[in-house]
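Notes for the one structure printed next.
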Amino acid sequence: MEQRARLVGRLGHHFIEHSVLSTGVAHGVVSLPVLVPACSCPSLFSSQIIPVSCPIVKSPPSQPDLVPTSLLDEIVGYLNFSSGVTDPKFLRNLNELFRELDAEPDDSLAKFTKLAEQKITRLKSAGGAFADTTQAEAVLKILIQHFLPEYREFHGDLLFHQESRELWQPFFLGRACEAILSQGSPWDETERIVAGALEQVNDFVGYRPVAMLESGTPSEPYPHEFVRPIPLYIRGAGVAMGRYERIITLALNILANTDEHLLARAWFDLDRLEEIALDPRAYDFDHPVNRRPNYHFGQWDPHHITNDGFYSRFVLQQVTLDALSSRCEDHVYPEDCDEDQCWLEAASVLAGTMLMAAGTSGDGPARHDSTVTLSTLLPHIANYRDEFYEQLLGQIEGDHGGRLLEEADRFRQPFGAARQHLNHELARRRALQMQRVHLAYLYARLGYPEAAQRQADAVRIPAARM
């Protein structure tokens, strides 16, 4: 109960803000400890059990004229006076502002830039603490006009398949602002600031075995291999708005209410989780590195280690998130299953795959020594995975629970339909990649370069295209 209270204090407030709670539904309920404010004070919470039918991640209606104004004041204040130290409140404000701006079809980044420039002008004319807004103006200009285009160019091969709208998420922009601010003045040295910010932001390469050259010297990853994962959750700031908000919020709620001993067996401690991020690189099914078991489910970032020696950033693969989401977005579920139930099942499988990936990585570099082999590790992972799904299945009641029990008997595993959909979708995407690559080779050898180029352009992976 003591640890659960800590989880409530850290994770719960954001979840309840963006959830629609229902005390009775026709298709069954999930009795999970939902994090509800115990009083008007946001620092006090209780773990009261409330029946929930798939919380819908939507923010409540707000006053568009008032909310952006108050958020902009604090955002501009951070840009003008901060030295780049991470501030969860700044990130949260940025996230909520983009939520307001995203309600309209126009470009959110362009609208944010215009609003921020107008706010800086008004604050500067008002005088006082904002009489000098040189830093805020410079940071905003460098971010929009220099850093983001340079980041795009720097990763022209690695991220060519990503739309700018998918990359420029609010938490990513917040991390970019932190990197720019940490470079310090003078603010007219644009080249120095952008180069330093790029080096600071590009901090993830993932599982990367180091090759040994014939001379015996280890080969280091190239700078262009490093990328900045897109933050989906940051401790203290909450879950990022956007396409994955719903499934990430549900999965975190499920993990927060999972048996503590089971989490310990998976070496997954929410107290150490500082960030969940999305690897924006295309997943290469044919690369030897990606044949590591459970790698496509995600991993603890091996280079993000706390002073206590534990991993703190969990990185998900986009191919897995997209595969899980596609079952709900494309309505690939039975007639007796509604969309809310589908999202809960998708989030349940996401939580399960995260625990599997955490077991493979371990919670720190010292977790798995040379005596641990796949033959000893995989049975351990399979055991707690099955127990996790069985425990979660037991919490689902009503028609939804009955359908899942029948489904578990038919597929011979809990949440069988959602898990099978994930496996089939991953296999389909892998087959499509192999098909495109080999067709490109075939057309090229037959002397049809245009046809070969069309097949190669359809492949997202740089190495395969080359």
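Scanning the stretch 214-256 for residues that are assigned to a loop (DSSP other than H, G, I, E, B) and under 10 Å from the mean Cα position of the chain (by Cα), we see that the one that is farthest from ASP203 (Cα to Cα) is TYR244.
Checking the stretch 188-198 against the condition returns a match, with at least one residue being touching an Asp or Glu at 6+ places or on another chain (Cβ under 8 Å), over 21 Å from ALA110 (Cα atoms) and without any contact (Cβ under 8 Å) to a residue 60 or more places away in the chain. For the stretch 91-131, a tally of residues being farther than 15 Å from ARG165 by Cβ and either in a helix (DSSP H, G or I) or touching a residue at least 12 places away in the same chain (Cβ under 8 Å) (or both) returns 24.
To keep it simple, each residue is scored yes or no on (1) crowded, with 19+ Cβ neighbours inside 10 Å; (2) under 21 Å from GLU339 (Cα atoms).
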site: GLU407; (1), (2): yes, yes
site: GLN413; (1), (2): no, no
site: ALA418; (1), (2): yes, yes
site: HIS421; (1), (2): yes, yes
site: ARG436; (1), (2): yes, no
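The combined condition, being acidic (Asp, Glu), outside any loop (DSSP other than H, G, I, E, B) and in contact with a helix residue (DSSP H, G or I) (Cβ under 7 Å, 6 or more places away or on another chain), is not fulfilled by GLU450.
Output the residues belonging to the stretch 143-177 that are more than 19 Å from the chain's Cα centre (by Cα) and either of a type in the set (Asp, Glu) or surrounded by fewer than 21 Cβ atoms within 10 Å (Cβ to Cβ) (or both). Scanning the stretch 143-177 gives ILE144, GLN145, HIS146, LEU148, PRO149, GLU150, ARG152, GLU153, PHE154, GLY156, ASP157, PHE160. GLU390 fulfils the conditions (1) in contact with a helix residue (DSSP H, G or I) (Cβ under 6 Å, 6 or more places away or on another chain); (2) of a type in the set (D, E, K, R); (3) touching a residue at least 12 places away in the same chain (Cβ under 8 Å) except for a single criterion, (1). Screening LEU140 against (1) modelled with pLDDT of 90 or more; (2) closer than 30 Å to PRO223 by Cβ; (3) surrounded by fewer than 16 Cβ atoms within 10 Å (Cβ to Cβ); (4) not hydroxyl-bearing (Ser, Thr, Tyr) leaves a single unmet condition, (3).
Residues are listed down the side, and each one gets a yes or a no for (1) in contact (Cβ under 8 Å) with a residue 60 or more places away in the chain; (2) out of contact with any Leu (no Cβ under 6 Å at 6 or more places or on another chain); (3) under 21 Å from LEU148 (Cα atoms):
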site: PRO231; (1), (2), (3): yes, yes, yes
site: VAL239; (1), (2), (3): yes, yes, no
site: ARG246; (1), (2), (3): yes, yes, no
site: ALA251; (1), (2), (3): yes, no, no
site: ALA256; (1), (2), (3): yes, no, no
site: HIS261; (1), (2), (3): no, yes, no
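The values are calculated or read from the model by the stated rules, or taken from the named source; none is laboratory data. All values reported here derive from a predicted model rather than from experimental measurement. Glycine also receives a Cβ, built like all others from the backbone with ideal geometry; neighbour counts cover every protein chain displayed.
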